[in-house]
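Heads up, the thing below is written out as structure tokens.
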Amino acid sequence: MTERFDLIVLGAGSGGLAAAKRAASYGARVAIVEGDRVGGTCVIRGCVPKKLLVYGSAYAHTLADAPSYGWLVPPVQPDPATLLRNVRAEVDRLNRLHIGLLEKAGVDLVPGWGRFAAANTVVVSAADGSERELCAERILIAVGGRPHRPDIPGADLGWVSDDLFLLESLPDAVVVVGGGFIACEFACILHGLGVRVTQLVRGDHLLRGFDREATLAVQEAMEEAGIEIRFAHSPAAITGQCAPGEFTVTTQSGEQLSCGGVLLATGRRPFLKGLNLEAAGVAVEGCRIPVDANQCTNVPGIFAVGDVTDRVNLTPVAVDEGRAFADSVYGRKPRQVDHELVASAVFSQPELSGVGLTEEQAIERHGADGIRVHRARFRAMNQALPARGPRVLLKLVVEAASDRVLGCHMVGEHAAEIIQMAAIAVGMGATKADFDRTMALHPSVAEEFVTMPN
Ligand code: NDP
């Protein structure tokens, strides 16, 4: 028997949950299909558990600095097993919370993997082998992405980020492959938890796409902390055995690195496997589903939001795309998502965060003479007593002609919290003079944003 709905949402991650609940709030009859755990990447195996691990590993710095602030700390050692267990318990709580929120919103949760049978029909296969056929006027694809392993012998022996949250303990040494968000965040997490980390980066710098000077500040801090970063290095093969956890990474230059685990943080790809998009005629471009500004695919009635569309692959963006879809289609409040000015952060230690144009992008758009760059680089006051720690970088990229702040970037403690607020000013078109007119809040790190000389 075919079950009928107004809307079927494929994927109960950030974008799908937001869209389903918002559509239901307008009175739509909504089914949400999820083969894995409700919550998706962000809640189950991404942002949330990652940030908890960042908090856990950052105690290494606090404890190291404590004696200079008059705390007699006996010798301590990390207990990653407890941290990982506690993080999993919190993820379980959030998973239950999200299931409860769906119930409260009146959304039908259909467990299982969905595949298109036609443009308005989805067949859902449950874990017990049973199948349900759902039909709806509209279908929203919000299935997200999955980690992508490089095509090298032994790639299956490596972990992807999903696997790290399931570990019971950590090895002594880990090779991290990649120089992006996940590689840098986990290199710092693992290092803080006492693991010897070697990071292999195929290019010549970390964190492509971020302000170059800011990425250099992160690199300097990570290297100073003791993370070994090898640029122009890629793995050619991984050999070893999972049971004792002994692996050898052979690099393309023939070097061999022994370790207890290999983290492959080499990007993510939209998760199209099993969707049977051909049955609905949904077009795919590369490995993503292209959509227009209203989240419409090429097939009327089929929409897509979030990482599966591979635009700005961040949780708040997927949430806003999901809500904009529901507001427009069911709430009679048509709106489009602004993908232009999106603040982002890398939760490396120290954090890197930015909004607007990087210096490189600003030069490309306005020419080197068309912009001014103001920066402050210093040791924050909380590092005065320990007399160590990474230097903070604060940077404003300003359009010379208009004095408008085009970009605002920071490397340092609480960078994400500070840039979140700066994003409001940058979004409103604030000028450097507006920043300067703001009274400094002293003593703070962020006050340097309003006291930079012209
Ligand atoms: P990224 O695209 O950020 O980084 C991938 C890295 O892997 C790059 O350094 C890339 O090098 C390298 N790489 C790719 N293929 C290979 C290969 N075959 N051999 C060696 N190196 C390779 O992806 P991540 O996996 O780190 O993260 C995926 C996405 O998840 C991010 O883009 C972001 O959208 C999201 N995310 C956001 C977070 C946040 O907001 N804090 C945290 C974590 C993830 P190159 O630069 O040369 O291409």
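Are there any pairs with C-beta distances below 8 angstrom linking a residue in the stretch 345-368 that is over 16 Å from Leu394 (Cα atoms) to a residue that is among the acidic types (Asp, Glu) and in a strand (DSSP E or B), with the two at least 6 apart or on different chains, and if so which?
Pairs that qualify, where the first residue is over 16 Å from Leu394 (Cα atoms) and the partner is among the acidic types (Asp, Glu) and in a strand (DSSP E or B), are Ala362/Glu399; His366/Glu399.
Out of the residues in the stretch 371-398 meeting the condition of being out of contact with any strand residue (DSSP E or B) (no Cβ under 7 Å at 6 or more places or on another chain) and of a type in the set (Gly, Ala, Ser), tell me which one is surrounded by the most Cβ atoms within 10 Å (Cβ to Cβ).
Gly389
Please work out if Ala423 is within 27 Å of Lys51 (Cβ to Cβ), among the aliphatic types (A, V, I, L, M) and not in a helix (DSSP H, G or I).
Answer is no for this residue.
Being assigned to a loop (DSSP other than H, G, I, E, B) and either open to solvent by 30 Å² or more (accessible area, probe 1.4 Å) or within 18 Å of Thr251 (Cα to Cα) (or both) is the filter here, so list the residues in the stretch 157-166 that pass it.
Selection gives Gly158, Leu166.
Name every residue in the stretch 28-43 that is surrounded by fewer than 21 Cβ atoms within 10 Å (Cβ to Cβ) and among the β-branched types (Val, Ile, Thr), in order of residue number.
none
Out of the residues in the stretch 324-339 that are within 28 Å of the chain's Cα centre (by Cα) and of a type in the set (Gly, Ala, Ser), which is most open to solvent (accessible area, probe 1.4 Å)?
Ser328
Sort out which residues of the stretch 415-454 are under 14 Å from Gly356 (Cα atoms), without any contact (Cβ under 8 Å) to a residue 60 or more places away in the chain and open to solvent by 40 Å² or more (accessible area, probe 1.4 Å), and write them in order of number.
Met421, Ile424, Met428
Given the condition over 24 Å from the mean Cα position of the chain (by Cα), part of a helix (DSSP H, G or I), exposed (fewer than 14 other Cβ atoms within 10 Å of the Cβ) and charged (D, E, K, R), answer yes or no: does some residue in the stretch 102-122 qualify?
Yes, that holds for at least one residue.
Tell me yes or no: at least one residue of the stretch 178-195 is in a helix (DSSP H, G or I), within 16 Å of the ligand (Cβ to nearest atom) and open to solvent by 30 Å² or more (accessible area, probe 1.4 Å).
In the first step, residues of the stretch 178-195 are kept if they are in a helix (DSSP H, G or I); the result is 181-192.
Applying the additional criterion that residues be within 16 Å of the ligand (Cβ to nearest atom) yields 181-190.
Going one step further and asking which of them are open to solvent by 30 Å² or more (accessible area, probe 1.4 Å), we end up with 181-182.
The answer is yes; a qualifying residue exists.
Which of the residues that make up the stretch 224-236 are away from the ligand (no atom under 13 Å from the Cβ) and over 12 Å from Thr198 (Cβ atoms)? Steps first, please.
Going through the stretch 224-236, the residues away from the ligand (no atom under 13 Å from the Cβ) turn out to be 224-228.
Result: Glu224, Ala225.
Please go through the stretch 101-154 and pick out each residue that is among the aliphatic types (A, V, I, L, M) and within 16 Å of the ligand (Cβ to nearest atom).
Hits for the stretch 101-154 are Ala142, Val143, Ile152.
When Phe303 is evaluated against the numbered criteria (1) in a strand (DSSP E or B); (2) within 16 Å of the ligand (Cβ to nearest atom); (3) within 27 Å of Ala136 (Cα to Cα), which criterion, by number, is the only one it fails?
Of everything listed in (1) in a strand (DSSP E or B); (2) within 16 Å of the ligand (Cβ to nearest atom); (3) within 27 Å of Ala136 (Cα to Cα), Phe303 misses just condition (2).
Looking at His233 and the list (1) open to solvent by 70 Å² or more (accessible area, probe 1.4 Å); (2) assigned to a loop (DSSP other than H, G, I, E, B); (3) not aliphatic (A, V, I, L, M), which single condition is not satisfied?
If we test His233 against (1) open to solvent by 70 Å² or more (accessible area, probe 1.4 Å); (2) assigned to a loop (DSSP other than H, G, I, E, B); (3) not aliphatic (A, V, I, L, M), just (1) comes out false.
Among Thr239, Thr251, which is the only one that is open to solvent by 20 Å² or more (accessible area, probe 1.4 Å), at pLDDT 95 or above and either closer than 24 Å to Asp162 by Cα or more than 15 Å from the ligand (Cβ to nearest atom) (or both)?
Details: Thr251 fails: open to solvent by 20 Å² or more (accessible area, probe 1.4 Å).
Of the residues listed, the single one that is open to solvent by 20 Å² or more (accessible area, probe 1.4 Å), at pLDDT 95 or above and either closer than 24 Å to Asp162 by Cα or more than 15 Å from the ligand (Cβ to nearest atom) (or both) is Thr239.
Any chance you could count how many residues in the stretch 196-214 are away from the ligand (no atom under 11 Å from the Cβ) and either under 24 Å from Arg377 (Cβ atoms) or not in a strand (DSSP E or B) (or both)?
Total satisfying the criteria: 4.
Does at least one position in the stretch 330-350 carry a residue that is part of a strand (DSSP E or B) and either away from the ligand (no atom under 16 Å from the Cβ) or among the acidic types (Asp, Glu) (or both)? Break it down stepwise before answering.
Narrowing the stretch 330-350 to residues part of a strand (DSSP E or B): 344-346.
Now drop any that are not either away from the ligand (no atom under 16 Å from the Cβ) or among the acidic types (Asp, Glu) (or both), which leaves none.
Among the residues of the stretch 330-350, not one is part of a strand (DSSP E or B) and either away from the ligand (no atom under 16 Å from the Cβ) or among the acidic types (Asp, Glu) (or both), which makes the answer no.
Of all residues in the stretch 215-230, how many are of a type in the set (A, V, I, L, M) and either in a loop (DSSP other than H, G, I, E, B) or at pLDDT below 95 (or both)?
Of the residues in the stretch 215-230, 1 are of a type in the set (A, V, I, L, M) and either in a loop (DSSP other than H, G, I, E, B) or at pLDDT below 95 (or both).
Within the set of pairs 6+ apart or on separate chains, which have a first residue in the stretch 129-156 that is within 30 Å of Val249 (Cβ to Cβ), a second that is away from the ligand (no atom under 16 Å from the Cβ) and not in a loop (DSSP other than H, G, I, E, B), and C-beta atoms under 6 Å apart?
Gly154/Thr239
Residues being of a type outside the set (Ser, Thr, Tyr) and either crowded, with 17+ Cβ neighbours inside 10 Å or under 19 Å from Ile302 (Cα atoms) (or both): count how many of those fall in the stretch 254-268.
9
Could you tell me how many of the residues in the stretch 44-71 are closer than 17 Å to Ala89 by Cα and either surrounded by fewer than 20 Cβ atoms within 10 Å (Cβ to Cβ) or in contact with a Pro (Cβ under 6 Å, 6 or more places away or on another chain) (or both)? Don't jump to the end; show me each part of the working.
Let us first name the residues in the stretch 44-71 that are closer than 17 Å to Ala89 by Cα, namely 44-56.
After this cut, where a residue has to be either surrounded by fewer than 20 Cβ atoms within 10 Å (Cβ to Cβ) or in contact with a Pro (Cβ under 6 Å, 6 or more places away or on another chain) (or both) as well, the list is 47-48, 51-52, 54-55.
Here the count works out to 6.
If we scan the stretch 357-370, do we find a residue that is assigned to a loop (DSSP other than H, G, I, E, B), over 30 Å from Asp292 (Cβ atoms) and open to solvent by 20 Å² or more (accessible area, probe 1.4 Å)?
Among the residues of the stretch 357-370, at least one is assigned to a loop (DSSP other than H, G, I, E, B), over 30 Å from Asp292 (Cβ atoms) and open to solvent by 20 Å² or more (accessible area, probe 1.4 Å), which makes the answer yes.
Does the stretch 281-304 contain at least one residue that is among the polar types (S, T, N, Q) and open to solvent by less than 50 Å² (accessible area, probe 1.4 Å)?
Checking the stretch 281-304: at least one residue is among the polar types (S, T, N, Q) and open to solvent by less than 50 Å² (accessible area, probe 1.4 Å).
Going by the conditions given, is Gly389 part of a loop (DSSP other than H, G, I, E, B) and either touching a Lys or Arg at 6+ places or on another chain (Cβ under 8 Å) or free of Cβ contacts under 8 Å to residues at least 40 places away in the same chain (or both)?
yes
The values are calculated or read from the model by the stated rules, or taken from the named source; none is laboratory data. What you see is a predicted model; the values in this text were computed from it and never measured. Note that we place each Cβ from the backbone using ideal geometry, even for glycine, and neighbour counts take in every protein chain shown. These accessible areas exclude ligands, DNA and RNA; they are computed on the full protein's heavy atoms, side chains included. Shrake-Rupley method; radii C 1.70, N 1.55, O 1.52, S 1.80 Å.
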